[in-house]
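Working notes for the structure below.
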Number of protein chains: 2
Amino acid sequence: MGEMKTLGEPAWLSGEGPESQIVLSSRVRLARNLVGYPFAHKANPDELAQIFEVVRDAISKMDGLRKGQVVRIDRTTPLDRQYLLERHLISPDLANKNGPRGVVIGEGESLGLMINEEDHLRIQGMFSGFEPMKAWQLVNSLDDGLSASLEVAFSENWGYLTACPTNTGTGLRASVLIHLPALVLTKQISKVLRGITQVGLAVRGMFGEGTEVMGNFFQISNQTTLGLSERDTLDSLSRVTRQIIDHEKSASEVLLKSARLQVEDKVFRAFGILSHCRVISSHEVLSLISAVRFGRTIGILEGVDIRLLNRVMIETLPAHLQKGAGEPLDQVERDYRRAELVRGLLAK
Amino acid sequence: MGEMKTLGEPAWLSGEGPESQIVLSSRVRLARNLVGYPFAHKANPDELAQIFEVVRDAISKMDGLRKGQVVRIDRTTPLDRQYLLERHLISPDLANKNGPRGVVIGEGESLGLMINEEDHLRIQGMFSGFEPMKAWQLVNSLDDGLSASLEVAFSENWGYLTACPTNTGTGLRASVLIHLPALVLTKQISKVLRGITQVGLAVRGMFGEGTEVMGNFFQISNQTTLGLSERDTLDSLSRVTRQIIDHEKSASEVLLKSARLQVEDKVFRAFGILSHCRVISSHEVLSLISAVRFGRTIGILEGVDIRLLNRVMIETLPAHLQKGAGEPLDQVERDYRRAELVRGLLAK
């Protein structure tokens, strides 16, 4: 069981792209399965190994992931799995499974492919900012290539067949990771989240299903895959996201008018604590980074680079800290190193 | 009713003198009354006015307070009274009274004299650091001078006669303002304070009797004035203070050994908040300044000047802020100006 090399800075954290102050990233994934093999949860290790090799072989001939890093997840350490999880490259589901499964990581981590997660293939595209269409185009082009060399399970009636019926149809899940501090501060967030759910979208925490909301970051995604086209799905997500962005901006304006001083105080104190702390938890980092990011978004903290804030967010996560240190660290050591890292990054 | 001019920086806040990191200041006051007049609470306005003039006349011929600023407290604004209170130049008792009463303020505020407070005369001496003896010598020399030109009420049996029997005898109250964060953090403070009370000393808050303990600053003073000499009183206070200083130093060492990182974190965060806040209350300033001062005392924050911390403590108090601004400020404005002032001072 070898140690994975530390990855570079992911392109989807570059802080670029439209509305990138509010929308951290946009993500699209496609669920696909191969004809001639049982679904992954029914397949035996031999079959899983065959699927793994077939897919690996197919992508080795294609643009996009040809030079990708192939990781057999069952051969990684628990720390590496957590590391990949923190980078949104694998799902908690894949991290907890054994057997011949894995992930292929494209350049800059914009394109990724999980093999033998819930479905044989989970193609993922991620972009910085509000770019669901670009993310879709990226996964779609890989999907086209794969479909040309692999026989993908598809029914004229149902569309793409998937291990779980909730994905059948397009197999598409599109999501945005969105930062909504003003809606939280003005206590409008519950109403907004209720509205999102009512139009058939789902709201989750930063790391997807079953994860907690931290630092006012919400992941919004479609729930329906059956009976509507990919275009419809993306349009609907984009339309709702645009509305939420507008809500967040109005809430920011109201806050700045009614409580500018208190907002400034919150923002600058957060920056003061981050740049001076000697011990800090990931939770507190996310919560303070949220305040600093908000300050940047509304023009209170001009000098701070969004990309740097994104880096702080990911590099201070527990597995990232340990990969960075090159050794396992207990919680006390992590809280110490995290503080050191945050100070170092913010001093830039 | 004219406005008092803003006073300069008091010498007792210079941060100099022995143990000045732990002992902010040492203070001695003498209660004296004049023969031939009723005690202040029994005197009518004419008698009070006579006392005021007699005393004023006496000091105008003496070293020490000759060039002192004479303030008729009944002719000051409520803001000025609070201002004098915050500087420890008058007592809450004097601030709340009307009629011909006042205070004479010597150069650097080391020497002061309240007229017609509870007693006709309250001579006060204050020094930076652990200097009860010096403070005593200062008031004693003024007392000698006054006794030469005024007839002071004294009984061979009882000593100096005072309006309240708790001051009869020496009329002396000696106190130190001491900073005990390590004893508070290690939860030994109650035990220590109990010990202080058991040996006959009193513990009070920063502004004396009936005031709250803030920022881990305690005022320790003698309670007994009858049946022991001035020397005994000062020796006893000095001996106990020395023991408390030693306790505080041991507690600091224990803390640094057992929880250095947590202490550093507390100290640096306090500094980070003070140097970044946009709104702050006096209470929070005192509590954070306490942490920063502790960091300075134990060598974590080398670069910070104790005198500067003392300045922050006094200049951010409500009346000081308003005197500084040259206008009355409501609480919201004070919290804003206070934050601005703290940032400005700490940037030095």
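Some points to look at:
- Subset of the stretch B:298-311 (residues that are assigned to a helix (DSSP H, G or I) and surrounded by fewer than 22 Cβ atoms within 10 Å (Cβ to Cβ)): B:306, B:307, B:308, B:311
- Of all residues assigned to the stretch A:253-273, none qualifies as being charged (D, E, K, R) and farther than 23 Å from residue A:294 by Cα.
- Of all residues in the stretch A:215-231, those satisfying the criterion of being in a loop (DSSP other than H, G, I, E, B) and open to solvent by 30 Å² or more (accessible area, probe 1.4 Å) are A:216, A:223, A:224, A:226, A:227, A:228, A:229.
- Among (1) open to solvent by less than 10 Å² (accessible area, probe 1.4 Å); (2) over 30 Å from residue B:295 (Cβ atoms); (3) in contact (Cβ under 8 Å) with a residue 40 or more places away in the chain - the single one residue B:73 does not satisfy: (3)
- Within the stretch A:252-273, the residues that satisfy the criterion of being under 20 Å from residue A:343 (Cα atoms) and either in contact with a Cys (Cβ under 9 Å, 6 or more places away or on another chain) or more than 7 Å from chain B (Cβ to nearest Cβ) (or both) are A:265, A:266, A:267, A:268, A:269, A:270, A:272.
The rows are residues; the columns are (1) within 14 Å of another protein chain (Cβ to nearest Cβ); (2) under 23 Å from the mean Cα position of the chain (by Cα); (3) under 29 Å from residue B:270 (Cα atoms).
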| residue | (1), (2), (3) |
| --- | --- |
| A:235 | no, yes, no |
| A:250 | no, no, no |
| A:275 | yes, no, yes |
| A:285 | yes, yes, yes |
| A:291 | yes, yes, yes |
| A:301 | yes, no, yes |
| A:320 | no, yes, yes |
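- Top-ranked residue in the stretch B:116-144 [being of a type in the set (A, V, I, L, M) and open to solvent by 10 Å² or more (accessible area, probe 1.4 Å); ranked as farthest from residue B:52 (Cα to Cα)]: B:133
- Among the residues making up the stretch B:322-332, those that are more than 14 Å from chain A (Cβ to nearest Cβ) and surrounded by fewer than 17 Cβ atoms within 10 Å (Cβ to Cβ) are B:324, B:325, B:326, B:327, B:328.
- Scanning the stretch B:256-281 for residues that are touching a residue at least 40 places away in the same chain (Cβ under 8 Å), open to solvent by 20 Å² or more (accessible area, probe 1.4 Å) and either in a helix (DSSP H, G or I) or aromatic (Phe, Trp, Tyr) (or both) yields a count of 2.
- Condition check for residue B:204: assigned by TED's automatic domain parsing to the domain that holds residue B:222, outside any helix (DSSP H, G or I) and in contact with a helix residue (DSSP H, G or I) (Cβ under 8 Å, 6 or more places away or on another chain): no
- Filter result for residue B:117 (modelled with pLDDT under 95 and out of contact with any Gly (no Cβ under 7 Å at 6 or more places or on another chain)): no
- Enumeration of residues in the stretch B:303-312 that are away from chain A (no Cβ under 14 Å) and touching a Lys or Arg at 6+ places or on another chain (Cβ under 7 Å): B:306, B:308, B:309
- Single condition residue B:66 does not satisfy, out of (1) assigned to a loop (DSSP other than H, G, I, E, B); (2) in contact with a His (Cβ under 9 Å, 6 or more places away or on another chain): (2)
- Complete set of residues in the stretch A:120-164 that are charged (D, E, K, R) and more than 26 Å from residue A:11 (Cα to Cα): A:151, A:156
- Residue in the stretch A:333-341 that is open to solvent by less than 20 Å² (accessible area, probe 1.4 Å), in contact with a His (Cβ under 6 Å, 6 or more places away or on another chain), within 14 Å of chain B (Cβ to nearest Cβ) and assigned to a helix (DSSP H, G or I) present: no
- Options A:195, A:208; residue that is more than 14 Å from chain B (Cβ to nearest Cβ) and under 25 Å from residue A:87 (Cβ atoms): A:208
- Sole exception among (1) of a type outside the set (Ser, Thr, Tyr); (2) over 23 Å from residue A:26 (Cα atoms); (3) without any contact (Cβ under 8 Å) to a residue 24 or more places away in the chain for residue A:194, by number: (2)
- In the stretch B:36-55 there is no residue matching the filter, namely being closer than 30 Å to residue B:242 by Cβ, open to solvent by less than 50 Å² (accessible area, probe 1.4 Å), part of a loop (DSSP other than H, G, I, E, B) and modelled with pLDDT of 95 or more.
The values are calculated or read from the model by the stated rules, or taken from the named source; none is laboratory data. Everything quoted here is computed from the prediction, not taken from an experiment. In this analysis, Cβ positions are derived from the backbone assuming ideal geometry, glycine residues included, and neighbour counts consider all displayed protein chains. Keep in mind that these areas ignore ligands, DNA and RNA; they rest on the heavy atoms of the full protein, side chains included. Shrake-Rupley method; radii C 1.70, N 1.55, O 1.52, S 1.80 Å.
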